[in-house]
Every structure is written in C-alpha cells, then in structure tokens.
Amino acid sequence: MDYSAKISVFGGRKVGEELYAETVEIGRMMAKENWLVFCGGGPGVMEAISKGVKEGGGTCIGILKGTSLKEGNKYLTLPIKTGLGVARNAILAYNCDAAVAIDGQYGTLSEIAYALQLNKPVIGYKSWSVPKIESVKTPTLVIKRLKKILSSNE
C-alpha cells in the first residue's frame with residue numbers, strides 16, 4: 001500500500017476518558033488521510049490512536065519496548081517487538097515525516113526531543129510546552145496543521 005505520509009504519535013500510558021476519545025478521533029482522521037501511523041503500541045494514548053486508525057480503516061504500527069507481542073494493544077495493525085526499552089522512542093522519531101505529541105510524561109518528552117533533534121515537525125495536543133512545538137486546541141486542527149506541514153515538505 002502506498003501511504004501519503006508517515007506520522008508518529010507520542011503520548012502517555014495513562015489518559016482520561018475525554019482525551020482518549022479525542023485521540024481516537026485524531027486516529028480516525030489520520031486514517032482518512034491515508035497516513036501510515038506509528039506509536040509506542042501500549043495503552044493510553046497509544047491504544048486510543050491505534051483504535052481510531054483501525055476504525056478509520058488505516059494502518060497503525062506499534063514499536064514496542066519489549067520482546068513480547070503481548071505488550072501491544074489490541075488495535076495495532078502490526079506490533080513490532082524491539083527489546084530496546086525506552087530507546088525505541090528514537091525509532092518513532094526516525095520513521096516519521098511529522099509527529100504529534102498528545103499529553104504524556106517524560107517518555108513523551110524524550111520522543112519530542114528526538115524528533116526535534118532530527119528536524120521533524122511536532123504538533124502538540126494537550127502536551128508539553130516546548131520551543132518549536134506548535135500547540136493546537138482541537139483534533140481537527142491537529143490534522144489541518146499536519147496537512148499544511150506535509151504539503152510544505154513536498
């Protein structure tokens with residue numbers, strides 16, 4: 001399958017109901033754009049984005065920390081075990097055209113840092129306030145901003 005872009009989604013393992021639902025919606029919209037989506041593959045934001053992508057008919061690849069496929073959430077199209085622990089965060093940054101950070105703790109912050117070090121654009125949604133990250137306030141704006149970034153990279 002030919003995808004129009006590769007997007008990594010960074011985010012935390014613990015997430016409230018409202019943010020979970022918003023992240024599912026972001027995933028659905030990403031699938032409609034025919035974007036290949038990468039995430040860490042676990043619970044929380046990662047599960048929500050995987051669920052949305054699946055519901056939208058898209059593909060979501062989970063880059064897992066460990067060596068067991070059981071750590072991947074049930075919505076992933078393809079879980080990839082790495083055995084790298086948090087070092088797998090670099091893989092998420094390397095494999096995207098742009099990234100979205102949703103909520104999250106220090107693992108998300110490290111993913112943001114890798115992406116910025118690689119000069120990858122990062123959109124923030126209810127996440128860290130970091131220089132060079134544009135924060136947006138709605139799921140629709142996440143997609144609109146990504147589309148603008150991707151079109152300027154062509």
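None of the figures in this text is laboratory data; all of them are computed from the coordinates on show. Remember, it's a predicted structure, so these values are computed and weren't measured experimentally. In this analysis, Cβ positions are derived from the backbone assuming ideal geometry, glycine residues included, and neighbour counts consider all displayed protein chains.
Quick notes on this structure:
- Residues of segment 134-154 satisfying the condition of being in contact with a strand residue (DSSP E or B) (Cβ under 7 Å, 6 or more places away or on another chain), under 20 Å from E18 (Cα atoms) and free of Cβ contacts under 8 Å to residues at least 60 places away in the same chain: S135, V136
- You will find that of G11, G52, G27, G41, the residue that is in contact with a strand residue (DSSP E or B) (Cβ under 6 Å, 6 or more places away or on another chain) and within 22 Å of I149 (Cβ to Cβ) is G11 and no other.
- Tally, over segment 111-154, of residues that are of a type in the set (S, T, Y) and buried (at least 18 other Cβ atoms within 10 Å of the Cβ): 3
- Residue list for segment 109-133, filter: within 19 Å of E25 (Cβ to Cβ) and in contact with a strand residue (DSSP E or B) (Cβ under 6 Å, 6 or more places away or on another chain): I123, G124, Y125, S127
- Filter result for A31 (touching a Phe, Trp or Tyr at 6+ places or on another chain (Cβ under 8 Å), aliphatic (A, V, I, L, M) and touching a residue at least 24 places away in the same chain (Cβ under 8 Å)): no
- Residue in segment 15-22 that is surrounded by 22 or more Cβ atoms within 10 Å (Cβ to Cβ), closer than 19 Å to I112 by Cα and not polar (S, T, N, Q) present: yes
- Checking each residue in segment 91-110 for being crowded, with 20+ Cβ neighbours inside 10 Å and of a type in the set (S, T, N, Q) picks out only T108.
- Among the conditions (1) under 12 Å from the mean Cα position of the chain (by Cα); (2) in a helix (DSSP H, G or I), A21 misses just one, which is (1).
- Filter pass, G124 being among the small types (G, A, S) and farther than 21 Å from N153 by Cβ: no
- In segment 68-102, the residues that are under 25 Å from K144 (Cβ atoms) and among the hydrophobic types (A, V, I, L, M, F, W, C): L92, A93, C96, A98, A99, V100, A101, I102
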